[in-house]
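Undergrad: This structure is in structure tokens; I'll ask about it shortly.
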Amino acid sequence: MVENLFPTRFQIHLQRLVDPKRRLTSLVASHKTLLFTFLWIAAFGSVFLWQRTAYIGGSVVGPVGGNFTVFGRVKPTQPLPRLRPVVFDLKDFGGVGDGFTLNTEAFERAMISISKLGKDSGGGQLNVPPGRWLTAPFNLTSHMTLFLAEDSEILGFEDETYWPLMPPLPSYGYGRERPGPRYGSLIHGQNLKDIVITGHNGTINGQGQSWWKKHQRRLLNNTRGPLVQIMWSSDIVIANITLRDSPFWTLHPYDCKNVTVRNVTILAPVTGAPNTDGIDPDSCEDMVIEDCYISTGDDAIAIKSGWDQFGIAYGRPSTNILIRNLVVRSVISAGVSIGSEMSGGISNVTIENLLIWNSRRGIRIKTAPGRGGYIRNITYKNLTLDNVRVGIVIKTDYNEHADDNYDRKAYPLLSGFSFAGIRGQGVRVPVRIHGSEQIPVRNVTFRDMSVGLTYKKKHIFQCSFVKGRVFGSIFPRPCENFDVYDEGGRLVKPAAESNVTDIDYDI
């Protein structure tokens with residue numbers, strides 16, 4: 001047995017000497033755990049260093065707007081396009097993107113330089129590079145492009161004493177929340193032409209939290225300002241950016257023509273952020289809103305045209321507006337509203353291809369005696385309602401007035417509302433249309449409507465002082481004062497002679 005043992009041990013030792021490949025494999029296997037641990041620590045360390053890096057000399061290398069690095073390799077950023085003949089960088093004017101330095105003067109100097117270029121030069125472009133660029137309100141100029149690079153963020157200064165006070169809008173007569181002057185917007189422009197605000201999805205952040213708290217505690221003496229407001233201007237494009245946390249209404253084009261809003265994300269907390277409407281076209285003509293995502297603390301979109309006697313006197317309607325391909329949410333109000341400030345008139349509006357989810361209301365039209373004006377020729381097509389408490393609302397007693405001097409007999413005219421291709425699930429009340437003897441709702445048409453219900457009560461289609469038509473079979477059943485037609489357009493059931501007032505639930 002001893003003789004057999006020695007050759008075996010020798011053979012094993014010899015095999016280890018003559019088979020280095022196997023030995024190397026054995027060595028690696030024995031250190032596998034250690035090697036894995038080292039690689040994991042190295043990867044974690046690089047991420048940690050990325051998160052900890054800061055802004056140095058105005059160049060962003062930090063966690064917000066910074067370039068992600070692993071073992072010293074920088075993530076490539078998108079090159080900034082040249083959209084105008086002359087291009088400036090905010091840092092050329094002394095801008096510092098550290099989130100603490102106030103850059104108002106840098107923006108103002110940039111606007112002065114662009115304004116000197118003139119129309120014939122093709123205008124100028126101001127690039128806002130990656131970084132956090134704190135600023136008080138500043139004004140845009142004509143023939144310019146404001147370009148927000150990827151990971152750039154314009155931050156509104158939170159001290160309201162830096163926000164200028166402006167006269168009330170002429171079609172409102174008062175500040176919308178308080179009498180007298182109103183705060184201006186963070187980014188403002190008036191009497192301009194050829195304005196573009198775009199980028200690689202950079203952000204304009206109003207930092208509205210302090211404004212919301214002061215408003216709720218009634219600590220502000222003036223109406224809060226919007227995030228972006230452009231007035232009396234034309235040829236405006238706002239695209240490929242994010243707008244968030246506005247002190248008040250987010251994007252407010254006022255008495256403007258030829259406006260396009262495309263591929264814009266608008267965000268605010270769905271509660272606790274009062275009146276942070278997404279987009280408020282106000283006395284605007286020829287406007288397109290498309291391919292946007294909006295989730296805010298009030299209406300995602302609210303079309304307006306002035307308030308009571310002041311809007312009637314100003315007399316500028318909102319007309320020729322197309323809204324399409326949107327995803328919107330409004331826990332507090334509605335996905336798309338018309339009014340209640342509509343005294344200058346609203347007409348020729350098409351709203352199509354919308355998903356409205358987790359909202360209090362889907363579509364809402366609101367007005368009242370004293371508004372005057374009209375709402376007419378409004379078309380809704382291909383709407384999906386997902387978990388919406390009330391799908392379609394038309395309300396004629398929204399009694400909120402600028403003062404007591406409004407004309408009690410200035411009754412708005414409501415006519416020409418078309419709804420087609422309405423789908424939904426989780427909807428408690430699909431339709432609620434309440435006109436009045438003074439403000440009847442006329443010429444309402446429903447076609448191809450099917451909404452899944454979660455709230456089983458007798459009157460799920462609520463109507464009063466409304467006259468309209470239904471084509472084909474729809475669910476739920478319409479009000480009795482609708483003419484019912486088959487798909488071929490033949491009348492199969494005339495409307496009842498009397499107006500039917502259904503039970504109104506507090507939803």
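The values are calculated or read from the model by the stated rules, or taken from the named source; none is laboratory data. For clarity, every value in this text was computed on a predicted model and none was experimentally measured. Because the Cβ atoms are built from the backbone with ideal geometry, glycine has one as well, and the counts that use them run over all protein chains shown. In case anyone asks, the SASA skips ligands and DNA or RNA and just uses the protein heavy atoms, side chains included. Shrake-Rupley method; radii C 1.70, N 1.55, O 1.52, S 1.80 Å.
Undergrad: Distances over 18 Å make up what percent of all Cα-Cα pairs in segment 144-280? Mind showing how you got there, number by number?
TA: Numbers: 4896 of 9316 pairs.
Of all Cα-Cα pairs in segment 144-280, 53 percent lie more than 18 Å apart.
Undergrad: Taking the inverse of the average 1/r across all pairs of different Cα atoms in segment 204-261, what Kirkwood radius in Å do you get?
TA: Answer for segment 204-261: a Kirkwood hydrodynamic radius of 12.6 Å.
Undergrad: If you wrap a convex hull around the alpha carbons of segment 258-316, what volume per residue comes out, as a whole number of Å³?
TA: Working: hull volume 4.0 nm³, N = 59.
Spelled out: Cα convex hull of segment 258-316, divided by residues, is 69 Å³.
Undergrad: Still on this structure: What shape does segment 307-432 have by the C-alpha gyration tensor, where a ≥ b ≥ c are the square roots of the eigenvalues, rounded means a/c under 1.5, and otherwise prolate means a/b greater than b/c and oblate the rest? Walk me through the numbers before you get to the answer.
TA: Numbers: a/c = 2.41, a/b = 1.74, b/c = 1.39.
It is prolate, given that a/c is not under 1.5 and a/b is the larger ratio.
Undergrad: Among Asn240, Ile356, Asn258, which residue has its Cα positioned farthest towards the positive end of the charge dipole of segment 211-363, with +1 placed on the Cβ of Lys and Arg, -1 on the Cβ of Asp and Glu, and the dipole taken about the Cα centre?
TA: Looking along the dipole axis, the top candidate is Ile356.
Undergrad: In addition: In nm, to one decimal, how far is the Asp120 label point from the Ser450 one, both placed 7 Å along Cα→Cβ?
TA: 6.4 nm
Undergrad: Under 14 Å from the Cβ of Ser359, count the other residues' Cβ atoms, weight Lys and Arg +1, Asp and Glu -1, and hand me the total.
TA: Values: positive: Arg329, Arg360, Arg361, Arg364, Arg389, Arg428; negative: Asp277, Asp298, Asp299, Asp386.
For residues surrounding Ser359, the net value is +2.
Undergrad: Using only alpha carbons, build the gyration tensor for segment 64-209 and give me the equivalent ellipsoid semi-axes, biggest first, whole Å.
TA: Semi-axes (√(5λ), whole Å): 29, 21, 12.
Undergrad: While we're on this one: First compute the accessible area of segment 245-296 with a 1.4 Å probe, then give the percent of it belonging to carbon and sulfur atoms. Before the final figure, lay out each step's value.
TA: Numbers: 540 of 1240 Å².
Using a 1.4 Å probe with all protein chains present, segment 245-296 comes out at 44 percent carbon and sulfur.
Undergrad: Viscosity 0.890 mPa s, temperature 25 °C: give me the Stokes-Einstein translational D for segment 204-362 in µm²/s, with Rh taken as the Kirkwood radius over C-alpha pairs.
TA: 159 µm²/s
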